[in-house]
Each structure stands twice: as C-alpha cells, then as structure tokens.
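Engineer: Take a look at this one; I'll ask things after.
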C-alpha cells in the first residue's frame, strides 16, 4: 500500500504551487507580473485568510515596488534563516538578475516560481516562452521545468528540498498560461508527506540564520583579486 498516494484534485499550475508553498514556506516576497500573478495573488490570499504553515507559523507576504526589490527582500528573508518564495515572469525575472547572482553567491536556499514568458522586444508579448529563464541561466541557480500542474506541485517540493540540501537557490519553471492557467486533474501532495519530506525550517541543519548576533558572521564583504 502506498503511504502517500496524493489527494485527487483539480487545479492549474499556479494553484498547485500555492498549495505546496502555503504549507511549507514561512513567507513570500513578490511583485505581480503576468502570467505569474495568480501565484503571488494566491499566496497573498492565504496570508489574508490567516493560513499557517505545517509548523503552525503565520505566513508573511511582502509586495515591494518592483521585482528587483522583491528579489532583494527574499535575499534578506533567507539571510535571516527564513524559508521564502518568489513568483515572477518575463521582464520581471530579467530585472532581478543583479540580485540573482548575489543570492547564488551567498548560497541562500530560496525557491523562485516562474511562469515562463517571452520577453518584450519589437512588441509586447505576455505569452509562453523561455526567453526569460534562458536570460538568467548563468546566475548559478538550479532549474526545474514542469510540463503540467502535477509536476509544478511535485517540483515545488523537490526544488525546496534540493535547495536546502545543496545550499543552492532553485527556479521551478512552468510555461506561462499553458501551465500556469490550465486546470487539470492531479494528485496534490498530502500535508503529512510535505512535512516529512521538507522538514522543520527551525531545524539546525535546514536553514542558517546569518544575522544571528549570537553567532556573528561576515556577509557581503568587499573581496580583492588576491
């Protein structure tokens, strides 16, 4: 008998991701951009409804003035030992690029969920394309690609576990609209499975608080060529 067969449900890729993140994360920092808006909005709704994660912690959501700032907010959240997510697409992801290098360099185990979108060039295009994720492929992040809502949920879990085990940030990518907005039958991971697979964020081996005054550490210092 399978211990965790999954919960039969219907959801689009955005809802599948929010099901996972609202159970396992402590917060999210994001700025809305199509087609990832439903992910950020879904997380924000969970916060507004008083949702708590699997360890009884109230969720937090921060929406700053831009995608660049939302990535920086995630950096700070993770530096303080928090388990954080972001949701973005297209131009928003490219705007973050400066911060993505910093997050990878500091070995922060964050997960950004991407509704992959073609970049605007000669005309505006809000539909699916991999221009955005290919534009940040050199930033030192792991990349996982979901082809449907089921994989979006499963890879959200896998990305989080891999990020924390390897101290490497991860992108969980799904095609904009084609996956983010397409409702499908799937089996959502049970809360018990997520709790066992991901682990308590307060555990010593999971997340490190680099801002702990009891254990001071230098971060973001100037480094010369020698």
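The values are calculated or read from the model by the stated rules, or taken from the named source; none is laboratory data. For clarity, every value in this text was computed on a predicted model and none was experimentally measured. Using ideal geometry, Cβ is built from the backbone for each residue, glycine included, and neighbour counts are taken over all protein chains shown.
Engineer: Look at the stretch 45-68 and say how many of its residues are in contact with a strand residue (DSSP E or B) (Cβ under 9 Å, 6 or more places away or on another chain), in a helix (DSSP H, G or I), surrounded by fewer than 19 Cβ atoms within 10 Å (Cβ to Cβ) and in contact (Cβ under 8 Å) with a residue 12 or more places away in the chain.
Structural biologist: Within the stretch 45-68, residues that are in contact with a strand residue (DSSP E or B) (Cβ under 9 Å, 6 or more places away or on another chain), in a helix (DSSP H, G or I), surrounded by fewer than 19 Cβ atoms within 10 Å (Cβ to Cβ) and in contact (Cβ under 8 Å) with a residue 12 or more places away in the chain number 1.
Engineer: If you go through the stretch 137-163, how many residues are under 17 Å from residue 39 (Cβ atoms) and in contact (Cβ under 8 Å) with a residue 40 or more places away in the chain?
Structural biologist: 10
Engineer: Now, a different point. Determine which single condition residue 138 fails, assuming it passes every other condition in (1) under 30 Å from residue 6 (Cβ atoms); (2) part of a loop (DSSP other than H, G, I, E, B).
Structural biologist: Failed condition: (1).
Engineer: Residue by residue through the stretch 73-100, note down the ones that are part of a helix (DSSP H, G or I), more than 16 Å from the chain's Cα centre (by Cα) and over 24 Å from residue 14 (Cα atoms).
Structural biologist: Correct list: 98 only.
Engineer: Can you run down the residue pairs with Cβ atoms below 7 Å, 6 or more apart or on separate chains, where the first is in the stretch 183-198 and over 25 Å from residue 110 (Cα atoms) and the partner is assigned to a strand (DSSP E or B)?
Structural biologist: 183/10; 183/11; 184/10; 185/10; 186/9; 186/11
Engineer: Find the residue count for the stretch 185-219, including only residues that are within 30 Å of residue 7 (Cα to Cα) and out of contact with any strand residue (DSSP E or B) (no Cβ under 7 Å at 6 or more places or on another chain).
Structural biologist: 17
Engineer: Moving on. Check off (1) modelled with pLDDT of 95 or more; (2) closer than 22 Å to residue 199 by Cα; (3) surrounded by fewer than 19 Cβ atoms within 10 Å (Cβ to Cβ) for residue 34 and give me the number that stays unchecked.
Structural biologist: Tallying (1) modelled with pLDDT of 95 or more; (2) closer than 22 Å to residue 199 by Cα; (3) surrounded by fewer than 19 Cβ atoms within 10 Å (Cβ to Cβ), residue 34 fails exactly one: (2).
Engineer: Checking residue 226 against (1) part of a strand (DSSP E or B); (2) free of Cβ contacts under 8 Å to residues at least 12 places away in the same chain: exactly one of these is not met. Which one?
Structural biologist: Condition (1) is where residue 226 drops out.
Engineer: Can you tell me which residue in the stretch 119-135 is farthest from residue 107 (Cα to Cα), limited to those that are part of a helix (DSSP H, G or I) and in contact with a helix residue (DSSP H, G or I) (Cβ under 8 Å, 6 or more places away or on another chain)?
Structural biologist: If we take residues in the stretch 119-135 being part of a helix (DSSP H, G or I) and in contact with a helix residue (DSSP H, G or I) (Cβ under 8 Å, 6 or more places away or on another chain), then 131 is farthest from residue 107 (Cα to Cα).
Engineer: Same structure again: Could you list, in sequence order, all residues of the stretch 156-199 that are surrounded by 15 or more Cβ atoms within 10 Å (Cβ to Cβ) and part of a loop (DSSP other than H, G, I, E, B)?
Structural biologist: Answer for the stretch 156-199, where residues must be surrounded by 15 or more Cβ atoms within 10 Å (Cβ to Cβ) and part of a loop (DSSP other than H, G, I, E, B): 168, 169, 176, 177, 178, 179, 180, 181, 182, 189, 190, 199.
Engineer: May I pose another question? So residue 2 clears everything in (1) closer than 23 Å to residue 190 by Cβ; (2) in contact with a helix residue (DSSP H, G or I) (Cβ under 9 Å, 6 or more places away or on another chain) except one condition, right? Which one?
Structural biologist: Residue 2 satisfies all of (1) closer than 23 Å to residue 190 by Cβ; (2) in contact with a helix residue (DSSP H, G or I) (Cβ under 9 Å, 6 or more places away or on another chain) except (2).
Engineer: I'm trying to understand the selection: among the residues of the stretch 1-44, which are within 16 Å of the chain's Cα centre (by Cα), in a loop (DSSP other than H, G, I, E, B) and over 20 Å from residue 177 (Cβ atoms)?
Structural biologist: 25, 26
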